[in-house]
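Beneath this line is the structure, given in structure tokens, with notes to follow.
The values are calculated or read from the model by the stated rules, or taken from the named source; none is laboratory data. Since this is a predicted model, take the numbers as computed values, not measurements. Every residue, glycine as well, gets a Cβ built from its backbone with ideal geometry; the counts of neighbours run over all protein chains shown.
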Amino acid sequence: MRILANDGISQAGIDALKSNGFEVLTVNVAQNQLIDYINKHKIEALLVRSATEVRKDIIDQCPELKLIGRGGVGMDNIDVAYAKEKGVHVINTPEASSESVAELVFAHLYGAVRFLYDSNRTMPLDGDTRFKDLKKDYSSGSELRGKTLGIIGFGKIGQATAKIALGVGMKVLYHDSEIEETSVILKFYDDQTITFNLKNHSKEDVLKSADFITLHVPKQKAYVISKNEFKLMKDGVGIINTARGGALDEVALIDAMESRKVAFAGLDVYESEPKPEIKILMHPDISLTPHIGAATKEAQDRIGVELATKISSLLK
Ligand SMILES: NC(=O)c1ccc[n+]([C@@H]2O[C@H](COP(=O)([O-])OP(=O)(O)OC[C@H]3O[C@@H](n4cnc5c(N)ncnc54)[C@H](O)[C@@H]3O)[C@@H](O)[C@H]2O)c1
């Protein structure tokens, strides 16, 4: 059986598929040639990331296609309901990247409490002439240990983030619209484990009590954090958004930063992605990454292997 991984797949994924008897093609076929390619090469499974679109035209005109696989979480680029209606399996890999996103949250947090986002901008310009001034500017950093992390959305990534927070000595308060209580198990390198039982809190309680707030909700119809939510937060709070652009009101964020209610933000996702607003990009107190939460080598390997396992159980 032949599989086309049109947006690429890790070597670990290719190896796992090959060992289960599949042939894997990793050419990148242009969107407008995809239908011809799939039919000509008798492709039965099409794997994509976020670049290739799998719409009704492909589903209708490629009758031999049995499976569409998305390496990653969001399925916005696939007509999922239509594919399922036509009997085509649609799979994704929701588990594979939770830890990678959680680590990025802490990359932003640790960087922000010591002003790395700013010193990395000023040191190349002034580090050799104003070293002592810069040392003074960045000498009032703080520590994460002992502080409270508020987590909004306590699914896979929220819980992976909680594990790191607990591991570095933070208190965790979460708010989730569904999960009333849960146990988070911290696993250490030598297989020791510690279990923490955590309970849901109201969004208001979390916003009022947290020193830092991180968002891990799915795509929303309305902002989760906007003007009214900022008002409830502690002065000098830090906020991280690695979830979705539309979860955080960027105009309200800029206002809250101007009044110093919010000391810093760490953003991986943007309302106007892939063209974030200049006000956001140029803001001196925002730590910025271009939607790379899931983009680690380890996550790509796990994605490949998770796809291979699911494909083998569905098509073999
Ligand atoms: N930055 C990246 O590269 C990257 C990578 C992967 C996922 N993500 C994003 O991370 C987010 C979380 O992913 P996940 O795998 O943890 O999802 P998940 O489905 O496991 O968890 C989401 C949780 O949010 C809760 N929730 C939904 N709406 C809520 C609301 N309004 N208030 C409070 N809780 C709410 C749900 O009950 C659920 O428990 C998604 O938006 C996903 O797109 C980003």
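Are any of the residues in region 223-237 in contact with a Phe, Trp or Tyr (Cβ under 7 Å, 6 or more places away or on another chain), farther than 15 Å from residue 172 by Cβ and touching a residue at least 24 places away in the same chain (Cβ under 8 Å)? Within region 223-237, one or more residues are in contact with a Phe, Trp or Tyr (Cβ under 7 Å, 6 or more places away or on another chain), farther than 15 Å from residue 172 by Cβ and touching a residue at least 24 places away in the same chain (Cβ under 8 Å). Among the helices (runs of 4 or more DSSP H) confined to region 71-144, the ones with at least 3 residues that are under 30 Å from residue 54 (Cα atoms) and among the hydrophobic types (A, V, I, L, M, F, W, C) are located at 80-85, 98-113. Selection of first residues in region 173-191 that are within 12 Å of the ligand (Cβ to nearest atom) and of second residues that are modelled with pLDDT of 95 or more and of a type in the set (Ser, Thr, Tyr), restricted to Cβ pairs under 7 Å at least 6 apart or on distinct chains, gives the following pairs, ordered by first then second residue: 175/202.
Regarding residue 64, is this residue part of a loop (DSSP other than H, G, I, E, B), among the charged types (D, E, K, R) and modelled with pLDDT of 95 or more? For residue 64, the condition - part of a loop (DSSP other than H, G, I, E, B), among the charged types (D, E, K, R) and modelled with pLDDT of 95 or more - is met.
If I filter region 265-316 down to residues being among the hydroxyl-bearing types (Ser, Thr, Tyr) and within 22 Å of the chain's Cα centre (by Cα), which single residue comes out as nearest to residue 12 (Cα to Cα)? Working first, answer last.
Kept after step one, since they are among the hydroxyl-bearing types (Ser, Thr, Tyr), are these residues of region 265-316: 270, 272, 287, 289, 296, 309, 312-313.
From what is left, the residues that are within 22 Å of the chain's Cα centre (by Cα) are 270, 272, 287, 289, 296.
Numbers: 270: 31, 272: 34, 287: 32, 289: 26, 296: 14 Å.
The residue in question is 296.
The residues on offer are 129, 122, 93, and the sole one that is out of contact with any strand residue (DSSP E or B) (no Cβ under 7 Å at 6 or more places or on another chain) and within 16 Å of the ligand (Cβ to nearest atom) is 93. For region 78-94, the count of residues that are touching a residue at least 24 places away in the same chain (Cβ under 8 Å) and within 29 Å of residue 282 (Cα to Cα) is zero.
Taking each residue of region 37-56 that is touching a residue at least 24 places away in the same chain (Cβ under 8 Å) and looking for partners that are crowded, with 22+ Cβ neighbours inside 10 Å and of a type in the set (Asp, Glu) with beta-carbon atoms closer than 7 Å, six or more apart or interchain, yields nothing. Annotation: residue 91 fulfils all but one of (1) farther than 30 Å from residue 36 by Cα; (2) in contact with a Gly (Cβ under 9 Å, 6 or more places away or on another chain); the unmet one is (1).
Looking only at residues of region 288-312 that are in a helix (DSSP H, G or I) and β-branched (Val, Ile, Thr), we find that the one that is surrounded by the fewest Cβ atoms within 10 Å (Cβ to Cβ) is 309. Taking every residue in region 133-153 that is within 18 Å of residue 239 (Cβ to Cβ) and pairing it with any residue that is of a type in the set (Phe, Trp, Tyr) and modelled with pLDDT of 95 or more, at least 6 positions away or on another chain, the pairs with Cβ-Cβ distances below 6 Å are 149/212; 151/174. Residues in region 222-243 that are near the ligand (Cβ under 9 Å from one of its atoms) and either in a loop (DSSP other than H, G, I, E, B) or of a type in the set (Asp, Glu) (or both): 4 in all. Scanning region 46-58 for residues that are away from the ligand (no atom under 16 Å from the Cβ) and buried (at least 21 other Cβ atoms within 10 Å of the Cβ) yields 46, 47, 52, 54, 58.
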